[in-house]
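What follows draws every value from the coordinates through simple rules; no lab data is involved. Computed from a predicted structure; not experimentally measured. Please note: Cβ atoms are built from the backbone with ideal geometry, for glycine as well, and neighbour counts cover all protein chains shown.
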Amino acid sequence: MELWEWLVSIIPTGQAEAVSMSYLATILGLSNRALRKEIECARKAGVLICSSDRGYFMPETLDEIREYAQRVSARLKTGGECLAPFLREIRKAEGIRA
């Protein structure tokens, strides 16, 4: 069993039952960074681990899935907007047209 599979087995269902990163890290004996990596592995494997300001949870409803997906989408959009000037500068320095 992969570590992330054990992680999934201890994450509660429903946003109201969300648990903090520090709680999960303590139970698993991981650093916060290592825990994030395990959550990333689980998500890449198709496991729907949601997070909110309350902590991590398995979704109970389609609305919880939508809310998490919207939050991630907004972060990606903002990240892309912040990244754009850097990419323009690189293209400019390399003589590539935008």
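Of the residues making up segment 46-83, those that are in contact with a Pro (Cβ under 8 Å, 6 or more places away or on another chain) and surrounded by 15 or more Cβ atoms within 10 Å (Cβ to Cβ) are C50, F57, M58, Y68. Only a single item in (1) surrounded by 11 or more Cβ atoms within 10 Å (Cβ to Cβ); (2) over 10 Å from the mean Cα position of the chain (by Cα); (3) part of a helix (DSSP H, G or I) is not met by R43, and it is number (2). Of the listed requirements (1) of a type in the set (F, W, Y); (2) more than 14 Å from the chain's Cα centre (by Cα); (3) not in a helix (DSSP H, G or I), W6 misses just one: (3).
Identify the residue in segment 9-23 that is more than 16 Å from the chain's Cα centre (by Cα) and of a type in the set (S, T, N, Q) and, among all such residues, is surrounded by the fewest Cβ atoms within 10 Å (Cβ to Cβ). Among those that are more than 16 Å from the chain's Cα centre (by Cα) and of a type in the set (S, T, N, Q), it is S9. Taking segment 46-98, which residues are under 16 Å from V8 (Cβ atoms), within 13 Å of the chain's Cα centre (by Cα) and part of a loop (DSSP other than H, G, I, E, B)? Within segment 46-98, G46, V47, L48, I49 qualify. Is it true that some residue in segment 24-37 is surrounded by 13 or more Cβ atoms within 10 Å (Cβ to Cβ) and not in a helix (DSSP H, G or I)? So far as segment 24-37 goes, yes, one or more of its residues are surrounded by 13 or more Cβ atoms within 10 Å (Cβ to Cβ) and not in a helix (DSSP H, G or I).
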